[in-house]
Each structure stands twice: as structure tokens, then as C-alpha cells.
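> I am attaching a structure below and will ask some questions about it afterwards.
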Amino acid sequence: MELVIGDKRYSSWSMRPWLVLNHVGATFTETLIQLRRPETRAEVIAAGSSSGQVPFLRDGEVAIGDSLAICEYLGERFTDAALWPGDVTARATARAAAAEMHAGFHSLRGECPMDLKLVETATLSEATHNDIRRIVELWNALLSRFGGDGPFLFGRWGVVDAFFTPVATRFRSYGVRLTDFGDRGAAGAYSEALLATPELKAWEAGV
């Protein structure tokens, strides 16, 4: 199994399936391609990604681009890891939350790109404020309904938590205080739990 990724400092999309692969204990080859260079796209295509984008997973005859598609595949490949909740309602809700992150929050992503070496206090637009409020609202709702006794959105760590881990790093990098956006503590505790996982620590060790 091979995962083609971009720079660990910047590539939030690469981070997500990498965290999942590490969580399940899979043996895989990591092919890292430096981003933001004229030759980047050509190198990614040469590595097998016809779209010229990372991440890209190859597993035997299987070749998959797109972080969410890769994580869905890994969920089926490593069923014992229970990367999605077992209950049908919880599983559908978790998929919807991951898809919302995958497709949305454009202002937050644009104003606060992932940079794991950055620490600053940013002045953010109202559109980004709205994104953060929505994330806090979503996290609080999921933790309240599905979190149970665990620190993660559905109790135990899964794909949906991999998708929100880069968000937690953005909040840390740009000095975002979730209490300013309606959090009464649960969302902040969840964000800290994401930042403390061994999977993220292992990723950050390669930055």
C-alpha cells in the first residue's frame, strides 16, 4: 500500500487518510511530494494521480484519489477498526459531518490555511466567524448526542475526527478562541483531544 501526500506542514487533505492509516496500524509506503513548485503537478501525476492532486492511495490494483474516498475505502478495508460508528443513524450522521467538512467552510480554509509551524492571532472576516460558529455548533451537537463517555465526536476516534483534525490545528495556529464563538467548553475540549492524539503527534514529527 502506498499513500502519496504533500508537505506535512501544509497539506490538510493529505493528513486525513494518513492519520487513518496510522490509526489502523497499516503498513504503507509514504511518498511525499513537495508542494508549491512548478514541477509539483507533474511529479504527482508521475506518482500515479491522474488528477495531479494529493492525496492518492494505491493498494494493489486499487488506485484512489480524494481524501474522503480514500477514507471510505479504508473503512471497508479495515472493518475491525470501526472507523465509522456501528449504529446506522450515527454512521449516517458521521458521514454527513465529514462531507460537510470536505465540501464546506471555504472562508475558514481560505483565510486560515493549515500551517503547522504558524502561531499568530489573526483578524478574521465575518464569513470566517460564521464558519467557526457553525463548526462549534456542529461539534457541540454531535458530542452531546453521540459522544458518550469518549473524547471524540462519536465516542471513539474515527474518520470524522480525522477530517476535523486539521481544523483543530487551524484554531491553534491562528489563535481562535472557541469560547468567542458560542462554545461552553465541550468543543474546546474536543479540539484539544484531536491535537493530543498519537496519530497527529506522529504526523507533526515529520514536519
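> Inverting the mean 1/r over all pairs of different Cα atoms, compute the Kirkwood radius of region 124-174 and quote it in Å.
11.7 Å is the Kirkwood radius here.
> Which helices pass in the chain if a helix is a full DSSP H run, must span at least 18 angstrom along its long axis by Cα, and must have mean Kyte-Doolittle hydropathy not below -1.0?
Helix filter hits for the chain: 12-24, 88-103, 126-142, 159-173.
> For region 1-152, take the alpha-carbon Rg, divide it by the Kirkwood Rh, and send me Rg/Rh.
0.99
> Continuing with this model, one more query. With all protein chains present, how much of the accessible area of the chain (probe radius 1.4 Å) comes from carbon and sulfur, to the nearest whole percent?
For the chain, the apolar C and S fraction of the accessible surface comes to 50 percent.
> What do you get for chymotrypsin sites (Phe, Trp or Tyr not before Pro) in region 13-71 restricted to DSSP loop and a cutoff of at most 16 other Cβ within 10 Å of the site's Cβ?
28
> Follow-up question, since we're still on this one. Convex hull over the Cα atoms of region 1-60, averaged projected area in nm²?
Answer in nm², one decimal: 3.9.
> While we're on this one: Among 70, 132, 45, whose mean-square fluctuation peaks in a Gaussian network model of the chain (Cα, cutoff 10 Å)?
Result: 45 has the largest fluctuation of those listed.
> Suppose we take every Cα in region 75-138 and form the convex hull; what volume per residue is that in Å³?
Each residue corresponds to 124 Å³ of Cα convex hull volume.
> In Å, the Kirkwood hydrodynamic radius of region 94-207 over pairs of distinct alpha carbons?
14.2
> Still on this structure, I have one more. Taking only Cα atoms and a 10 Å spring cutoff, compute GNM fluctuations for the chain and point out the largest among 136, 119, 176.
119
> Using a Gaussian network model on the chain with a 10 Å cutoff between Cα atoms, which of 114, 15, 101 fluctuates the most?
Largest GNM mean-square fluctuation: 101.
> Sticking with this structure for a sec: Can you give the helix-only mean residue ellipticity at 222 nm for the chain, where every DSSP H stretch with n ≥ 4 adds -39500 (n - 2.57) and the sum goes over all residues, rounded to the nearest 500 deg cm²/dmol?
Computed ellipticity for the chain at 222 nm equals -15000 deg cm²/dmol.
The values are calculated or read from the model by the stated rules, or taken from the named source; none is laboratory data. Please read these numbers as outputs of a predicted model, since none were measured by experiment. A quick note on method: Cβ atoms are made from the backbone with ideal geometry, for glycine too, and the neighbour counts reach across all protein chains shown. We work out accessible area using only protein heavy atoms, side chains counted, and drop any ligands, DNA or RNA first. Shrake-Rupley method; radii C 1.70, N 1.55, O 1.52, S 1.80 Å.
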